[in-house]
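Here is the structure we will look at.
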Amino acid sequence: MKPESPFNALPPVIVALTLLILGIEAVFQLANAGIIGGPRGVGWRLVAVNEYGFSPVVLDRILINGDYSFDMLKRFVTYPFINMQLTQVAFCAALTLALGKFTTEYYGSAKVLFVYVATSIVGAIVFGLAVEGRLPLIGGFTPVYGLIGAYTYALWLRLGQSGENQLLAFRLIGFLLLLQLLFGLIFGGNSQWIAELSGFFAGFTLSIILAPGGWSALLARMRQRS
C-alpha cells in the first residue's frame, strides 16, 4: 500500500496559494544564483516590488488622480506574493498551510480564498491611508493575519459551544503580536504591522458573516445570552 501524500489532506486552494508563494521565491533564488535570467536576473526581486508591490503612492494615484488602471488595482492582491527574505517566505508558507487547512475545513475553500483576497485588499487600503511616502507594502503576512482572524473566530465559537473561556481564542494573535513587538524592539520595526493587524480584524469581522449560520447564528446566540 502506497503512503498517502501529505498534500492529499490539504485543500487544493491552500496548496495553490502555498505553491505560488514558494514558486515565486524559487524564481528569485534561481535568478540570484545566476541559473536563470542572466545578469538581469539579480534585479528581478526589485523589479517585482516596483511592478507588483503596493505603497501609499498607489492609493493616492487611485483616490486623487482617479487612476483605476489594471496596473494600480492589481497591486492590492499581488503584493502578498513578493517577499524579501527566506524566513518571511517560510513563515508565510507554513502558516498558510496550517491555518488554511483548519479554516477551509470549517468555512469551505471559496470562503477562505475570499478572506485571503479581501484581507489583502483591506490591509493595503488601511496601510495606504495611515502611512505616507513610498514605503512599500510587500509580503504574505497581511492575508496570513486575515486567516488568523478567521481561525480565531472559529475557535471562539467552538470554545463558546463547549462552555470554555472564549478569550483563549485570542492566544495565537496575542503571541504573534508580542513576538512582533520583541522583534521590532531588537531589530527595528516598520509600518507593515498596520496592514497585518488590519488584516486580522478584517478576517475576524468577515468570518462573522462567513461562518456556518452567519448573522442568524450570531443573533441567536446573543438572544440566548440576553
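The values are calculated or read from the model by the stated rules, or taken from the named source; none is laboratory data. The model shown is predicted, which means the values in this text are computed figures rather than measured ones. Note that each Cβ is placed from the backbone with ideal geometry, even for glycine, and that neighbours are counted across all protein chains shown. Ligands, DNA and RNA are stripped out before the accessible areas are found, and what is left, the full protein with its side chains, is counted by its heavy atoms. Shrake-Rupley method; radii C 1.70, N 1.55, O 1.52, S 1.80 Å.
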* Asked: Before we move on, is D60 free of Cβ contacts under 8 Å to residues at least 40 places away in the same chain and not β-branched (V, I, T)?
  -> no
Counting only residues that are under 16 Å from L22 (Cβ atoms), among the small types (G, A, S) and at pLDDT 95 or above, the stretch 42-92 contains a total of 1
| message | Take G189 and tell me if it is open to solvent by 30 Å² or more (accessible area, probe 1.4 Å), modelled with pLDDT under 90, closer than 30 Å to D60 by Cβ and not basic (K, R). | response | yes
Restricting the stretch 61-97 to residues that are loosely packed, with under 15 Cβ neighbours inside 10 Å and assigned to a helix (DSSP H, G or I), the one farthest from the chain's Cα centre (by Cα) turns out to be L63
Within the stretch 72-107, the count of residues that are within 16 Å of T119 (Cβ to Cβ) and either of a type in the set (D, E, K, R) or touching a His at 6+ places or on another chain (Cβ under 8 Å) (or both) comes to 1
Cβ pairs under 6 Å, 6+ apart or interchain, first in the stretch 1-27 and among the aliphatic types (A, V, I, L, M), second surrounded by fewer than 17 Cβ atoms within 10 Å (Cβ to Cβ) and modelled with pLDDT of 80 or more, ordered by first then second residue, are L10/K101; V13/S109
Of the residues in the stretch 122-147, those that are under 22 Å from W215 (Cβ atoms) and among the aliphatic types (A, V, I, L, M) come to V122, L147
Per the list (1) in contact with a helix residue (DSSP H, G or I) (Cβ under 6 Å, 6 or more places away or on another chain); (2) farther than 21 Å from L147 by Cα, residue check on F76 breaks on (2)
Looking across the stretch 127-157 at residues that are of a type outside the set (A, V, I, L, M) and loosely packed, with under 13 Cβ neighbours inside 10 Å, the single one that is nearest to T18 (Cα to Cα) is R134
Being open to solvent by less than 80 Å² (accessible area, probe 1.4 Å), modelled with pLDDT under 90, of a type outside the set (V, I, T) and within 21 Å of G123 (Cα to Cα) narrows L177, L219 down to just L177
